[in-house]
Amino acid sequence: MPENNIVTTKPNSLLSASNLTCIREERLLFETLDINIAAGDIVQVEGPNGAGKTSLLRILAGLSQPYDGTVYFQDENISQQRENFHQNLLYLGHLPGVKDEMTAQENLEFNLALHGLNSESAESTLAEVNLLGFEDALASHLSAGQHRRIALARLWQSQAKIWILDEPFTAIDKLGVEKLEQLFLQHADNGGCVVLTTHQDLSLPATRVKKVTLAYRFY
Amino acid sequence: MTQLSYRAAFSLIVKRDLMIAFRHRDDIINPLLFFIIVVTLFPLGVGPESTTLSRIAPGIIWVAALLSTLLSLDRLFKSDHADGSLEQMLLSPHPVFILVLAKIVAHWLLTGLPLILIAPLLAVLLHLHESSYGALMLTLLLGTPVLSLLGAIGVALTVGIKKGGVLLSLLVLPLYIPVLIFATSAIDTAAMNLPYNGQLAIIAAIFFASLTLAPFAVSAALKVSTN
């Protein structure tokens, strides 16, 4: 069972879920999970491998359907307002979504344009993630960490309120992690929220980070 | 936030898919090469007698077109699914219908269109009846988009499966059969100097039905596959 379900009393709930139950491969990952995420929250989903962190994030993003339960964006079911929800959502999964055949800049430009953001600032955004000088390099020539940086670069441009990030720090160096954490803090202060999974300890002040712990269930 | 119009989103995806294909030319050349090889092998196997060849030419060209499209279908969603860009597309604020249609159009431009361009040349090799050329071009023009549209449904359903190749053929080939039957029948009828409007009208009907309905089926299938 999740040890500490987050139930905040703040009225301005951005993303909430009630009664979530998830079953994968005939194994119950979590049941009757309630989550309430308000503007300004940074939520870290914790748990051992196979506990259902990714499943939870995918359900919150609307990519997977839960066995039972509903996800709400601003108190309205996300399946009833797909376009509105997606405009306010930035989800980055395990896979960076970077095409090998395109250059770093083309990848970022496409990602920005696809999500309705200004793609002209791609070059300056790449500078934020230390990819200056690699704009015209094909992604197939870049490292795993650099692929992730291309995907993460979208965070600097994003106007979405809800960031759902699955292991955003994978293959990112220490300095990069620090910079990302500051960005999360800034995003939360500006009225957004961040939901992330990571096995690293966040260096953010403990009062700012809320934790959801999923336990591995053996039955 | 600058919201992209449907048309802008459509052309964004088409441009991206074409760019990726041109940087990865194997994907364009392989199906086309397969088409040419199959068609050129037939006269060697059957013999150069023009009456036999012209009798079987419509069938050969259409079966080869069908198989070469099947060969190229994997590219439609497989790599996007493998590297996570499909998820990002599904999560974009645009209707999935538009994105799916754009991907199918790009696929047709890269596989169907080259087949149409090369087909008259290969028809000469097979001694296709002179009066059949118009019918051949028209059926290919209406029929190859159907192959891309219906094939997309099969790919979307099997994209999450590691080895979905056989399953894809089993799913898609039966759906291709009506197009094959009416297209070859139209070309045969044209060879006899008879009107082939009827067959053409049926292929056109299949085309418009799949153009309007297939993207919905593909969207639904992709949502299931990424679940």
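The values are calculated or read from the model by the stated rules, or taken from the named source; none is laboratory data. Fair warning: this is a prediction, and the values are worked out from it, not measured in the lab. As a convention, Cβ positions derive from the backbone with ideal geometry for all residues, glycine included, and neighbour counts pool all protein chains shown.
Only residues that are within 14 Å of chain B (Cβ to nearest Cβ) and touching a residue at least 40 places away in the same chain (Cβ under 8 Å): list them for region A:111-141, please.
A:Asn111, A:Leu112, A:His115, A:Leu117, A:Ala139, A:Ser140
Can you pull out every residue in region A:66-92 that is surrounded by 22 or more Cβ atoms within 10 Å (Cβ to Cβ) and at the interface with chain B (Cβ under 7 Å from one of its Cβ atoms)?
A:His86, A:Leu89, A:Tyr91 - these are the residues of region A:66-92 that are surrounded by 22 or more Cβ atoms within 10 Å (Cβ to Cβ) and at the interface with chain B (Cβ under 7 Å from one of its Cβ atoms).
For a quick check of your reading of the model, give me the residue pairs whose first member lies in region B:1-12 and is modelled with pLDDT of 90 or more, whose second is of a type in the set (S, T, N, Q) and part of a loop (DSSP other than H, G, I, E, B), with beta-carbon atoms closer than 8 Å and at least 6 apart or on different chains.
B:Ala9/B:Ser92
Is there a residue in region B:88-108 that is closer than 30 Å to B:Met192 by Cα, under 14 Å from the mean Cα position of the chain (by Cα) and crowded, with 16+ Cβ neighbours inside 10 Å?
no
Report yes if B:Leu149 is in a helix (DSSP H, G or I) and within 9 Å of the chain's Cα centre (by Cα), otherwise no.
yes
Quick check: is even one residue across region B:84-98 at pLDDT 95 or above and in contact with a Gly (Cβ under 7 Å, 6 or more places away or on another chain)?
Within region B:84-98, none of the residues are at pLDDT 95 or above and in contact with a Gly (Cβ under 7 Å, 6 or more places away or on another chain).
Quick check on my filter: what residues within region A:11-58 are part of a strand (DSSP E or B) and of a type in the set (Asp, Glu)?
A:Glu31, A:Asp34, A:Glu46 - these are the residues of region A:11-58 that are part of a strand (DSSP E or B) and of a type in the set (Asp, Glu).
Can you spot a residue in region A:42-61 that is closer than 25 Å to B:Ala9 by Cβ and in contact with a strand residue (DSSP E or B) (Cβ under 7 Å, 6 or more places away or on another chain)?
Checking region A:42-61: at least one residue is closer than 25 Å to B:Ala9 by Cβ and in contact with a strand residue (DSSP E or B) (Cβ under 7 Å, 6 or more places away or on another chain).
Within region A:186-219, can you find the residues that are free of Cβ contacts under 8 Å to residues at least 12 places away in the same chain and among the aromatic types (Phe, Trp, Tyr)?
The one that is free of Cβ contacts under 8 Å to residues at least 12 places away in the same chain and among the aromatic types (Phe, Trp, Tyr): A:Phe218.
Exactly one condition in (1) surrounded by fewer than 18 Cβ atoms within 10 Å (Cβ to Cβ); (2) modelled with pLDDT of 90 or more; (3) touching a helix residue (DSSP H, G or I) at 6+ places or on another chain (Cβ under 7 Å); (4) more than 8 Å from every other protein chain (Cβ to nearest Cβ) is false for A:Asp100; which is it?
Here A:Asp100 meets the rest and fails (4).
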